[in-house]
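First the structure, in the form of C-alpha cells, and then the observations on it.
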Amino acid sequence: MKRNLIKKISAAFATTAILFTTVFSVSIFANAAGTNFTPRFSSPDSGNSYYFSDKNVFYASGYGMPNCTAYAYGRAYEILGYEPDLSWASAGQWYDYNRYSGAFDYGKTPRVGAIACWSYSGGGGHVAVVESIDSNGNMILSNSAWNRYDLFFYLTYAHTSDANPGGNSWWNFEGYIYLLDDAAPQPTTKATQPTTKATQPATTVDHTSSYKTGVYQTTGSLNFRTGAGTNFTSTGYIDVNQTIVVTQTYFASGYNWGKTTYNGTTGWVALEYTKYVAEKIEDVTTAPATVPATTQAPKIRNLRGDLNNDGTLTISDATLMQQYLARMIELNNTQLKLFDFDGNGKNTIDDVTSLQRYLLTK
C-alpha cells in the first residue's frame, strides 16, 4: 500500500493529539473527509452526467444503471470531480485491478467516500460507496443492483467492525478502495431508510413525440437501444455524422426516441442527439452540403460481443473469446465489457456459445 513520509508523520501527529485530548476528536473526524464531500442518500436524477452520459464508461458501453459498477463509477467521478482510474470490468475485479494499478490506497478499514468491494464464486461481485460513518461507527452505504429496477438505488447499513459490511452472506468482502486521501469517519445524521423501494424512472403519460419520422443525421454517438427508453438495454453505439431513417417516434424517459434499422436489427435512438435532414431518403441529396449525400449504413460501436470493435459480429470475435478463456491472450477493459454477449454479468464459455449460435442464424 502506498504511503509517503509526510502522510506517516501527519498520521502520527494526529494520533498523539487524540491521546492527549478528546475535546477535538469530533471536529477531527468531521473534517477528515474534506469539506467538499457531500454524502448521497438519494438516487441521482437522469440529468446527472456522472451517471447518465458517455462520461460514465458503463453507461457508454450499454451497462448503465441499474448496475452497481455503473453507479459506483459515477459516484466516484462525482466525488473526485475527475475521471476515476477504476476497473471497467465486473465488480468482482475492481479490488484486484486497483491493487495492481496502484491508482488509490486500499485496505480493510472503512472510510467515508471509499468503495467497498465484494466478489463471489462463479464470477461477478458487488461494489458500494461508503457515504457516512458516525462517531459510534455506524455506516451508510449507497448501492445499485444490476438489472434490478426495484433496486435502482438503495442504502445499506453496517458497522465499522463488521467483517462483511452490509453484504450478502455468500459474498466475499475484499476491502475498500480509498478515493479520498486519508479520510477518517465523518459524523452525520443518520439517513432514514426509504419507506418504498426505488422504482424504474417514471415516464410521462403522454408518449406522443414532438419529432416526426424521416431522415436524421446523428450529431453525437448514440446508444442503440432495444426499446424506446433509458431502461432498455443498449446493444452498441451509432457513430456521429451518420444518416439514419426513423420510421416511428415515441416519447419516454424524458427523451424523444426514433425507431431505426441497422444491418437487419431494429433499435431506438434519442433524437435529441440528431438533426432532421429530410422527409424521405431520396431527398438527402438535396439537403445542406454538411449532410452526407450517401446512405452508408451507420457503424455500431461497442456492440456486445464485438471484441475487435469493427462494428460487426463475426467468428473472429468468438475466436478471441476462446483464446482469452484458454489464457492464450489478454483483453483490455473495453473488450472485457464487450465479452459478456449474453448479458448476465459474467465472462464465460456460455458467451462464446451464444455468439456462435447467433452467427449461425445470420
Integer Hz, Karplus 6.51/-1.76/1.60 couplings in order for the range 318-334, x for Gly and Pro: 5, 5, 4, 4, 5, 5, 5, 5, 7, 6, 8, 9, 10, 10, 7, 4, 5
Peptides ranked, highest mean first, by Cβ atoms within 10 Å: ranges 322-334, 207-219: 207-219, 322-334
Ranked by how many other beta carbons lie within 10 Å on average, peptides 72-78, 44-50, 236-242 from highest: 72-78, 236-242, 44-50
Those trypsin sites (Lys or Arg not before Pro) in the range 80-189 that DSSP places in a loop and that have at most 12 other beta carbons within 10 Å: 108
Estimated FRET transfer efficiency (residue 280, residue 121; beta-carbon r; R0 56 Å; 0.05): 0.50
Amide H contacts under 5 Å for residue 124, placed H, 5+ residues apart: 92
Whole-Å distance, taken between Cα centres, linking the range 166-180 and the range 323-353: 24
Interchain or long-range residues, amide H under 5 Å from residue 135's placed H: 188
Computed lengthening from residue 80 to residue 134, 0.36 nm per intervening residue step minus Cα-Cα distance: 17.3 nm
Under-5 Å amide H pairs with residue 175, H placed in peptide plane, nonlocal only: 117
Rg/Rg_globular for the range 315-361, with Rg_globular taken as 2.2 N^0.38 Å and Rg from C-alpha atoms: 1.05
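None of the figures in this text is laboratory data; all of them are computed from the coordinates on show. None of the values given here were measured: they were computed from a predicted structure. Quick reminder, even Gly has a Cβ in these numbers, built from the backbone with ideal geometry, and neighbours come from all protein chains shown.
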